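Below is one structure, written out as C-alpha cells, with a few remarks after it.
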Amino acid sequence: MVSRRSNSKVSWVLLCVTAVVTLFMLTPMVLSVTAGLVNQYSQGVSSGLTTKWLEQVWASYGSTVGWSLALALACVVGNLFLGIPCAYALARSRANWARIFEDLLTLPVAIPGLATGLALILSYGQFRDFRQSFYFILVGHMIFTLPFMVRSLSAALQRREFVALEEAASTLGANFVQRLVGILLPAILPTIFAASLMVLTLSIGEFNLTWMLHTPLTRTLPVGLADSYASMRIEVGSAYTLVFFMLVLPLLWALQAVGTLLSRRYEN
Amino acid sequence: QTAICYNCPVEWADWGTQIAAIKAKTGVTVPPDNKNSGQALAQMIAEKASPVADVTYLGVTFGIQAKKDGVVTAYEPANFKDVPAGLKDADGNWVTIHSGTLGFMVNVDALKGKPVPKSWADLLKPEYKGLIGYLDPASAFVGYVGAVAINQAQGGTLDNFGPAIAYFKALQKNEPIVPKQTSYARVLSGEIAILLDYDFNAYRAKYKDHAKVEFVIPAEGTLVVPYVMSLVKNGPNAANGKKVLDFVLSDEGQAIWANAYLRPVRQIALPKEVEARFLPATEYARGKTIDYGKMAEVQKSFSDRYLKEVQ
Amino acid sequence: MKTDPLAIQVEACAKTYPDGTQGLLATTLRVEAGEIMALLGPSGCGKTSLLRIIAGLETPDHGGRILFGDQDVTQRPVQARKVGMVFQHYALFPQMTVIENIGYGLKINRCPDHERTVRVGELVELVRLNGLENKRPAELSGGQRQRVALARAIAVSPRVLLLDEPLTALDAKLKESVRDELAELLRRLRITTIHVTHDQHEAMAIADRLAVMRAGQIVQVGIAEDLYRSPEHAFVAEFLGRINTLSRSVEDASRDLLLLGGAQLTCPSTYGTKVLLRPEDIRLSQPAQSIPCGIVLQRQFLGDRVHLRVTIENQNALLIDAPRDCKTIAGERIGLVIDPLTFIPCKDEK
Amino acid sequence: MKTDPLAIQVEACAKTYPDGTQGLLATTLRVEAGEIMALLGPSGCGKTSLLRIIAGLETPDHGGRILFGDQDVTQRPVQARKVGMVFQHYALFPQMTVIENIGYGLKINRCPDHERTVRVGELVELVRLNGLENKRPAELSGGQRQRVALARAIAVSPRVLLLDEPLTALDAKLKESVRDELAELLRRLRITTIHVTHDQHEAMAIADRLAVMRAGQIVQVGIAEDLYRSPEHAFVAEFLGRINTLSRSVEDASRDLLLLGGAQLTCPSTYGTKVLLRPEDIRLSQPAQSIPCGIVLQRQFLGDRVHLRVTIENQNALLIDAPRDCKTIAGERIGLVIDPLTFIPCKDEK
Amino acid sequence: MPAARLIALPAEKGWQTYFAVLTDSHYWWSLVNTLLLSATVTVVTLVLGAAVGIFLARTPFVGNRILLGILTLPLSFPGVIIGFFMILLGGRQGLIAQVSDDLGLGRVTLAYGLPGLFLAYLYFSLPRAISTYHAAAQAMDPALEEAACSLGAQGWPIVRDVWIAELAPTTLACAAVIFATAMGAFGTAFTLASKVEVLPISIYNAFTNYADFATAAALSLSLGLVTWFVLFLGRKLDASVMETR
Ligand SMILES: Nc1ncnc2c1ncn2[C@@H]1O[C@H](COP(=O)(O)OP(=O)(O)OP(=O)(O)O)[C@@H](O)[C@H]1O
Ligand SMILES: Nc1ncnc2c1ncn2[C@@H]1O[C@H](COP(=O)(O)OP(=O)(O)OP(=O)(O)O)[C@@H](O)[C@H]1O
Ligand SMILES: NCCCCNCCCN
Ligand SMILES: [Mg+2]
Ligand SMILES: [Mg+2]
C-alpha cells in the first residue's frame, strides 16, 4: 500500500465523506430500532422501554418471517436447478443466440416488478390453487432473481481457469455430468454461494412483485412491513423492522461469513 | 374455513374486532387485508378469471363500479330487507353495512398550540403548512369522498368539479402529505396533524387509543357516505363469504360497528355511552348525502382531472 | 497398467476459429511411438491450436485427420482418446487434495479403490510429492503443482501425453531444475509425448525431436543438433539461439568471398548474400594482419561464459560467445578466428 | 535536464510488515554514483522490500536511514525523492497513449508544453518507439511496453532509477534481447540504478555489481566475476549458476585429497569436507587410469553447449558443461580432466 | 409467456396505448422525472460510494469490516423500509424536523418531496456502490498508483489518472445496476407517497385507479425499454473501455 502521508489531502476528503455517509446510513437504523422499543415514539426513550410492540408484531406478522425465509430458500434452490444448466449452456455456447439471450437476461431487471406481477396474474391467475399458494410468489421471485444467478454463474464458468479445469477433467475421461457435478460446481462453489446469497437477499427484500402477487393468506415480510408502516403506529412498524433485523440479518451475516471463508479456502 | 376479504384492514373501522367476532361466531377466518378500495377493485378485475377474494368491503362508489365491472355477484344476506333502499343494490350486488361522516381528524398535540381548524377555508391558512394530510383522491375512496365533500361545500356539483380542483390547487401551498393507504397511525404519531378522515376513526383514536384527537365537521358542510360489502363473483369460498356477509348485517355485527363509532346501516339502538361520545346532532346536520350512483359515474373523470391539474 | 506407446499422425489439420482467425494452416506431422516431440515457436504461431486438435479439445477444419497408431480418432471426443494433458497453469482441481487430484482419472475410470490407492502412491513417489498427499493445490509451490499435474495426467496410463508450456509458470531458477527432472521422468515413462513451448532450451533439453512453428505452419522438424547446425530457414536458426547475420555483395559472393573486419574469408557462393554465424563459433585471438579484427563494444559476464559485442568493419556489430575466463574488456581491439565451415547458409524463405 | 548521478546509502534498514513478517533484516548497502547495482535472490528474500524502502514506498523500521548523496531522504515521501521506477508489469496508464505515458511525469511537474513535447520526442527516439507514439499500452508488445515504462521513468531525469524485475513479464526469447538493450541503455544513461531480479544472467548482464540476498539479508556484494569465482557462501555459488557439490571424509580432507571417479585429486584441506565445482570447469577426455572416470547418464543438447549428467564413483551424479560439438552420448564411459585450481571452497554459513 | 402477455396487452385498447408515455404529458413528465432522478442518484451514489469504498479498502482500522458490514446491510432491506426510514429522518416528526425546530428554524420536512425521494434512493443505492467499489479498490493494482507517485503525482492527479481510470469498468457496471434499480424502485416511492410522481407509481396508479391494465402494461414496457437501452449503452461503453486494457 502507498504510504498514507503521500496522499493525505485526498485521504482527508475520503474520511469526511465516509463519516457523513456512515451517519446517513446509520441514523435511520438506530432511530428505527429505538422507536420499536419505546412506549411512545414522540416522547422518545423517556416514555419507557417496552417489548409490547415486538409482541404485537410477532402475533400478527410472525408468520411472514418464516414464509419469507422459506420462500427465499426455495427461490435459491429453484434458481440453482434452473440457473446452473442455463449458465452452463450460455457459457459454453459459441453461437450468437447465446449472446443475444444474455442481453435479454437483463430485461427482468429493467421491467418494473409491478408489470411482471401483473403479467403473471393475467397469464397464470386462472390456476386457482397455484394462484393462492406461495408457489405463485415463488415463480415471481424466480423470474426476478434468475438473471442474477445465471449471469454471475455464466461469467464464472467463462473464466479461462474454469474452462481449463473442465478440459483437464475431460482429458481424464470425465463425461459431462462428472465434469459439471464433480469438477465445475465444486470449483465455482464460492461464486455459487455468493450468487445464492444474492438471490436470497433479493428474494427476502422483494416487494414490487410480491405486492401484486400476494393474497391475504400469502403475505411476505416486506408486504407485512408495508402494511404496518402504512397504517399502524410508528412503533409497530419500527418493531417490525427490528424483528427483520434480528431474524434476517444474523442469517445473512452468517452466510456471508461462510462465503468469505469459502472463497479464502479456494483462493489460489 | 376461510373467507378472503379484500380491503378489510384491522386498523380501519375496527375490522380487527369484527374479524375476531366473525371467527368466534361463524368459525370463518378472515385474514386482514390492507388494500384500499381502488386497489381492491383493480385486483379483482385482474383476477376476474379466477378470483382470490370471496367478499370485499368498498366505498359505495366502488361498489357500484364493481357491479358494472362484473366482478361481484348478487347475494342478499340475512336482514338485507332492513337496509333502506338507496343504500343497497336492488339485486343485492352490494349492500351498505355502515356509514361514516367525513371531517377533520385532528391531533391536537401535533398542532403545537395552533387552533383546531373549523372549516375547509381554515385549512388553506398558511399556519397549517405541512400539517395536513388527505388520502389520494384518485385512488382511495376516502380521498374521493373528501374531494366531493369539498366540491359540494365550495358550491360545485357532480357535474362541475371546478371548485374542488381549485381548492386542492390552493391547498398544495400547504404541502399536504398524500398517502394512498389508511393513515390512522400517522395521525396518532403526529406525523400528520390534520387528516381528512371519518368520524369513527377519530373517535376511536380519542376514546380507544386515548390520543389527544378531535373530530371536526367543517363549517361549510360535508358528506355522509355508506360503506358497502359484496360477494365476489366466482369466489373460491362463496359459502364462507356468505356467512361473513350475514354476520356483519346481523344485530351482533352491527353492534360491533356501533361500538366502534360507526353508524350501522340497520336501525339499532346505540349504547348510551357511545351515543354521548359522538358530536352533537346539530353538528351532524351539516353532513349531507348525495346521489352515489352519479358520484360513481363521474369518479373517473374527476380522477383524471385531479391527476392532471393538481399533481 | 503399462500400455505400449503409440505413434501419432497428424494429417492436413488446419484450424479456423469462429472469428475467422487462421490459428493453424494445414499441417502434417508424425510423432513416433514413444518419442518426445517439442512444438517450438513464438507466441501465437499455433502450437496450442495443434496440441488441442490432437487432444480432441478442438476439431480440425474439414479434411484434417488425426491417427493414434492406425486408429483414426478424428471423430472421437477427448474423453475417448485416452490422452494425458498438462496445462500451462496446471488446471488442478482446487477443491481436491494432491492424491485426489492424481487419482481423479482413475476414479472416473472406475478403477477399484485399493488399486487406485496403490497406483496413486506409486505416482506420488515417482514425482516426489511424499508428505504433501493431503495438501490442496493452493498450498503448493509452483514446481510442486507442476508435478501434481504431471502425475494426474500419467495416472490413467494415457496413450499420448500432451504438455502445453508446462514450465511457463515457474521462475527462472526453478524452471531449470524442473526442466531437467521432467526430461528425465519423460524418458523413463516412454509415453509418446508432445511438448509445447516457446523456450528453445526447454525444447532441446526435453524433446527427442523438435518441430519449429511459425505463423500457423511447421517450418522444420528434426533433432536439435540438426536444427541448430543446419537450419533450413534463418527463422529456425534465430529461434534456436543467438546468431550473427553477415552480408556480402553479389560480387563477393560470386567470388566465394566474405569481407569481415578487414579480412577476406572464404565462403561458398552457393550460400548467397546473407550468411549466418553462431556467436560460439568465433574464437578470440591477438589482433593480426590476416584475420578479422574489431573493437569490443560491450562485455557481459554471464558466469559460465562471456558475451561480447564487437564493432567490426564491413559488417554490423558481431556477437561473440567467449569462454568464461576471457579477460577482454570493452574498448579493447581483438582478432577473431573463424572456421569457414561454421558458416550457415541463410535460406530465407520470406 | 541532466542531473549528476548520486550515490545511495542504505543504513541499517529493516522492514517488519504489519502482520509481523520480517520482510527485511537490518541491511546496509552503498551504491556508488552512476553505478548499476543488482539485487539478486530467490523469491521472498526481501529484494522488493529493500527497493521500495529506497523508493519511499515503504518506511523502514525505526533506526533505518536512506541517504541520496549526503541528503537524508528517510522522511521524504516518494514524490519528493525524484526516483524513477519501472515495475514488474510496467504499470503503464492504460488509458494514455505512449507519449502521454512518457510525458506524464513532466506534466505533473508542470513542465511547459513545448519543452515536454521536445523531451518526449527525444525519449521516444532513445527507446526506439518511433511510429508508436499514439498507441495505447494494450496495443503494444511486451518489449515495447517495457521500453515505454523505462522512458516514462527516466523522463523526469530522476536522481535514482529503480527497476523491479523489469523483464519478468517477457517471454524467454524476447527477454534476452531486451536484456541486452537495457544493459546498453542504462550504461549510456549513467544514472545510479538498482535493479531487482531473481535471474542471475539478467543480473550479471546488466549490473556493475551484484548484491545477493537470502532470507531478508544481503549475503555478498561484489562484481559478477568475484561472486561467481569466489563466492563466500555455497548459496551464492549455487544461485549464480549450476554447481556440483563434492564431499570427502575428514580424513581425506586432512590429507589434501578428494576422491572422484576412482582417482585421487589434490584439494587443500582448508577447503573443508564439502567442495564446489562448476560444470564448465570439467573437461572431457578418453577414460584413463589416472583420471576420474564416469558413465554418462543423460545428455542434453542446448544449442551452444551440451549438458551431461555423469554417474561417478565416490560422489553424487556430476553435471558437466561440454562444448556444443561434444559427441558423447548417454551410456558412454568418459574421463574427466579437472584443474584443482577450479575447486571452490564451500563456506556454508548455515 | 408472461412477457408476451405484457407486450400484447396494450393492443387490446388500441395501438396508440403503446405510446401513452409520449402522448400523455402527465406520463411524459413522470418518465422525465424518473430519468432525471435516477440519473442524479446514480451519479451521486457513484461518487459517494466510491469514496467510502476506497477509503474502507485502503484504511486499516479496528472495526473496518464491521463498518463495511453495516454500510452494506441495507442491500437486503425492502424498499418500504427505506421509505419509512426517510420518514423517520425527514418526516414531520423526523429527526431533522426536531433538530431544526429546536434550532428555531421551524419543522423542516423533506421526506415527502424530491429531497426525500432522492435521499431514499441514495440510501438503497449506496450499499451496492460501496461494496462494489470496496472489492474493486482492493483488487486495484497498487503498482499504477505507485508509478504515478514516483513520477511526482499527488492528490487529485492520482484520483484522476489512476483511481478513476482504473475503476472505470467497475463504475460503468455499477452505474448500470444502480440506474436500473432506481428506475424500477417502487416500494420506496410508494411508502413516501411523494408529490413527485415517478413512473413506477404512474404504473401503479394506472393499475389501481381505473384497473387500466393496458396503460399500465404500456408504461411498463416504456420504462423497461428505456432502462434496458441505458444498460445496453453501458455495456457497449464497457466493451470499448475494456478494449484499451
Ligand atoms: N478461440 C480462439 N478464437 C480465435 N482465435 C484464436 C483462438 N485461439 C487461438 N486463436 C488465435 O490463433 C492463433 C494461434 O493461437 P495458439 O493459441 O495456437 O498459439 P500459441 O502458439 O499456442 O501461442 P502462445 O505461445 O501465445 O500460447 C493466434 O493468432 C490466436 O490469436
Ligand atoms: N505487505 C506485506 N505484508 C506482509 N508481508 C509482506 C508484505 N510484502 C512482502 N512481505 C513478505 O516479506 C518478505 C519479503 O518480500 P519481498 O516482496 O521483499 O520479496 P522479493 O525478494 O521481492 O520476492 P519476489 O522475488 O517474489 O518478488 C516475503 O516473505 C513476503 O511474503
Ligand atoms: N437489494 C434490494 C435493494 C433494496 C431497495 N429496493 C429498491 C426498490 C424498491 N422496492
Ligand atoms: Mg499456447
Ligand atoms: Mg519482488
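With charges only on Cβ, +1 for K and R and -1 for D and E, what is the dipole size of the protein assembly as shown about its Cα centre, in debye, rounded to 20?
Details: 149 positive and 142 negative charges, 296 e Å.
My answer is approximately 1420 debye.
Quick check: the angle from helix A:221-231's long axis to the longest principal axis of chain A, C-alpha only, nearest 10 degrees?
30 degrees
State the percent of C-alpha pairs, over all pairs in the stretch C:163-234, separated by a distance greater than 21 angstrom. Spell out each step's value before the answer.
Values: 711 of 2556 pairs.
In whole percent, the share of Cα-Cα pairs in the stretch C:163-234 beyond 21 Å is 28.
Rank these for me by crowding, E:T42, E:T132, D:T266, going from fewest to most other beta carbons within 10 Å. Don't jump to the answer; show the numbers that get you there.
Working: E:T42 25, E:T132 22, D:T266 11.
With the fewest neighbours first, E:T42, E:T132, D:T266 line up as D:T266, E:T132, E:T42.
For chain C, what number of Lys pairs, 8 or more residues apart or on separate chains, have alpha-carbon atoms under 14 Å from each other? Provide the component values of the computation, followed by the final result.
On the way: C:K2/C:K82; C:K15/C:K47; C:K274/C:K347; C:K274/C:K350.
The number of close lysine pairs in chain C is 4.
Grab the DSSP H runs of chain C that are 4 residues or longer, score each as -39,500 (n - 2.57), total them, divide by all residues and round the 222 nm result to the nearest 500 deg cm²/dmol.
Details: 10 runs with 95 residues, N = 350.
My calculation for chain C gives -8000 deg cm²/dmol from helical runs alone.
Tell me, what is the percent relative contact order of chain C, built from C-alpha pairs under 8 Å that lie six or more residues apart?
Details: 730 pairs, mean separation 56.6, N = 350.
Value for chain C: 16 percent.
Given Cα pairs under 8 Å that are at least 6 residues apart, what percent is the relative contact order of the stretch C:257-350? Before the final figure, lay out each step's value.
On the way: 201 pairs, mean separation 34.5, N = 94.
With pairs under 8 Å counted, the relative contact order is 37 percent.
Given a 10 angstrom Cα cut-off, can you work out which residue in A:V223, A:V236, A:V181 is the most mobile in a GNM of chain A?
Highest fluctuation among the options: A:V181.
Give me E:V230, A:V258, D:V160 ranked fewest to most by other Cβ atoms within 10 Å of their Cβ, as a rough exposure proxy. Numbers along the way, then the final one.
Working: E:V230 20, A:V258 12, D:V160 24.
Ascending number of Cβ neighbours within 10 Å: A:V258, E:V230, D:V160.
Give me the aspartates and glutamates in straight-line cross-link reach of B:K208: C-alpha distance below 16 Å, same-chain residues under 8 apart excluded.
Hits, sequence-local ones excluded: B:E11, B:D14, B:D199, B:E273, B:E275.
Considering only DSSP beta bridges whose two residues both sit in chain B, what percent are antiparallel, to the nearest 5?
Values: 26 of 34 bridges.
Bridges in chain B are about 75 percent antiparallel.
Can you list the lysines whose alpha carbon sits under 22 Å from that of B:K114, skipping same-chain ones fewer than 8 residues off?
Answer for B:K114, where 22 Å is the Cα cut-off: B:K125, B:K129, B:K173, B:K206, B:K212, listed by chain and number.
Given only helices, namely DSSP H runs of n ≥ 4 each adding -39500 (n - 2.57), what is the per-residue ellipticity at 222 nm of chain A, to the nearest 500 deg cm²/dmol?
On the way: 12 runs with 202 residues, N = 268.
The helix contribution divided over chain A gives -25000 deg cm²/dmol.
How big is the stretch E:127-226 by the Kirkwood estimate over distinct Cα pairs, in Å?
Working: mean 1/r = 0.0599 Å⁻¹.
Averaging 1/r across every pair of different Cα atoms and inverting gives 16.7 Å.
For D:S43, place a label point 7 Å out from Cα along the Cα→Cβ vector, do the same in each other copy, and report the separations in nm, one decimal, smallest first.
2.0
Taking the protein assembly as shown, how much of its Cα-Cα pair set, in percent, is spaced more than 52 angstrom apart?
On the way: 542503 of 1160526 pairs.
Distances greater than 52 Å cover 47 percent of the Cα pairs.
Quickly estimate the mean residue ellipticity at 222 nm for chain B, helices only: each DSSP H run with n ≥ 4 gives -39500 (n - 2.57), and the total goes over all residues, rounded to 500.
Only helices count here, giving -10500 deg cm²/dmol.
Using the Cα gyration tensor of the stretch B:124-237, with a ≥ b ≥ c the square roots of its eigenvalues, what is the shape: rounded (a/c below 1.5), prolate (a/b larger than b/c) or oblate (neither)?
On the way: a/c = 1.74, a/b = 1.12, b/c = 1.56.
In terms of gyration-tensor shape, oblate.
Could you please report the charge total around C:T117, scoring K, R as +1 and D, E as -1 over all other residues with beta-carbon less than 14 angstrom from its beta-carbon? If you can, show how the numbers build up before the last one.
Details: positive: C:K107, C:R116, C:R119; negative: C:E100, C:D113, C:E115, C:E122, C:E125, C:E133.
Result for the local shell: -3.
For the stretch C:43-150, state which GluC sites (Glu not before Pro) are in a DSSP loop and have at most 16 other beta carbons lying within 10 Å of their beta carbon.
On the way: sites: C:E58, C:E100, C:E115, C:E122, C:E125, C:E133, C:E139; in loops: C:E58, C:E133.
Here the sparse-neighbourhood loop sites are C:E133.
Pick out, in residue order, every one of the trypsin sites (Lys or Arg not before Pro) in the stretch D:1-33 that is DSSP loop and has at most 11 other C-beta atoms within 10 Å; say none if there are none. Before the final figure, lay out the partial values.
Working: sites: D:K2, D:K15, D:R30; in loops: D:K2.
Sites meeting the loop and neighbour criteria: D:K2.
May I ask what percent, to the nearest 5, of DSSP beta bridges between residues of the protein assembly as shown are antiparallel?
On the way: 121 of 165 bridges.
In the protein assembly as shown, DSSP labels about 75 percent of beta bridges as antiparallel.
Sort out for me the Cα centre separation of the stretch D:9-36 from the stretch C:1-75, rounded to whole Å.
52 Å
Let me check against my output: what whole-number percent is the relative contact order of the stretch E:134-245, with C-alpha pairs under 8 Å and at least 6 apart?
27 percent
DSSP loop trypsin sites (Lys or Arg not before Pro) in the stretch D:155-257 with at most 15 other Cβ atoms within 10 Å of their Cβ, which ones? All intermediate terms of the calculation are to be shown ahead of the outcome.
Values: sites: D:R159, D:K173, D:K175, D:R179, D:R187, D:R188, D:R190, D:R209, D:R214, D:R229, D:R242, D:R248, D:R255; in loops: D:R159, D:R190, D:R242, D:R248, D:R255.
When the trypsin sites (Lys or Arg not before Pro) of the stretch D:155-257 are filtered for loop state and at most 15 Cβ neighbours within 10 Å, D:R190, D:R255 remain.
Taking 2.2 N^0.38 Å as the expected size of a compact globular protein, what ratio does the Cα radius of gyration of the stretch C:243-345 give against it, to two decimals?
On the way: Rg = 13.3 Å, N = 103, 2.2 N^0.38 = 12.8 Å.
Cα Rg divided by the expected 2.2 N^0.38 Å: 1.04.
Arrange D:Y271, B:Y134 by Cβ neighbour counts within 10 Å, fewest through most, would you? Before the final figure, lay out the partial values.
Numbers: D:Y271 20, B:Y134 26.
Ranking D:Y271, B:Y134 by Cβ neighbours within 10 Å, fewest first, gives D:Y271, B:Y134.
Rg over Rh of chain E, using C-alpha atoms and the Kirkwood radius, what does it come to? Kindly include the intermediate steps, with their values, before the conclusion.
Numbers: Rg = 21.1 Å, Rh = 20.1 Å.
So for chain E, dividing Rg by the Kirkwood Rh gives 1.05.
Among C:A234, C:A151, C:A263, which one shows the highest mean-square fluctuation when chain C is modelled as a Gaussian network with alpha-carbon springs under 10 Å?
Looking only at C:A234, C:A151, C:A263, the biggest GNM fluctuation is shown by C:A263.
Any chance you could check the Cα centroid distance between the stretch D:305-325 and the stretch C:213-238 for me, in angstrom?
Taking the Cα centre of the stretch C:213-238 as reference, the centre of the stretch D:305-325 is 27 Å away.
Given springs between every Cα pair under 10 Å in a Gaussian network model of chain A, which of A:G224, A:G182, A:G237 has the largest fluctuation?
A:G182
Distance between the C-alpha centers of the stretch D:164-179 and the stretch C:250-284? Whole Å please.
32 Å
With the label 7 angstrom out along Cα to Cβ, how close does C:G262 come to the same site in each of the other copies, in nm, nearest first?
With the label placed 7 Å along Cα→Cβ, C:G262 yields 5.2 nm.
Along the stretch D:85-91, what does the Karplus equation 6.51 cos²θ - 1.76 cosθ + 1.60 (θ = phi - 60°) give for ³J(HN,Hα), rounded to whole Hz, x for Gly and Pro?
Rounded to whole hertz, the list is 10, 10, 9, 3, 9, 6, 6.
Between copies, how far does the label point of D:T16 sit from its twins, in nm, shortest first, when each point is 7 Å from Cα along Cα→Cβ?
Taking the point 7 Å beyond Cα along Cα→Cβ, the inter-copy spacings are 6.7 nm.
Provide the net charge surrounding D:T168, with neighbours chosen by a C-beta distance below 10 Å and charges set as Lys +1, Arg +1, Asp -1, Glu -1. Mind showing how you got there, number by number?
On the way: positive: D:K175; negative: C:D171, D:D164, D:E165, D:D199, D:E202.
Once positives and negatives cancel, what remains is -4.
By the gyration tensor of its Cα atoms, with a ≥ b ≥ c the square roots of the eigenvalues, what is the shape of chain C: rounded for a/c under 1.5, prolate for a/b over b/c, or oblate?
Numbers: a/c = 3.10, a/b = 1.83, b/c = 1.69.
Here chain C falls in the prolate category.
Here, each number is a calculation from the coordinates, and none is a lab measurement. Please read these numbers as outputs of a predicted model, since none were measured by experiment. We place every Cβ from the backbone using ideal geometry, glycine too, and count neighbours over all the protein chains shown.
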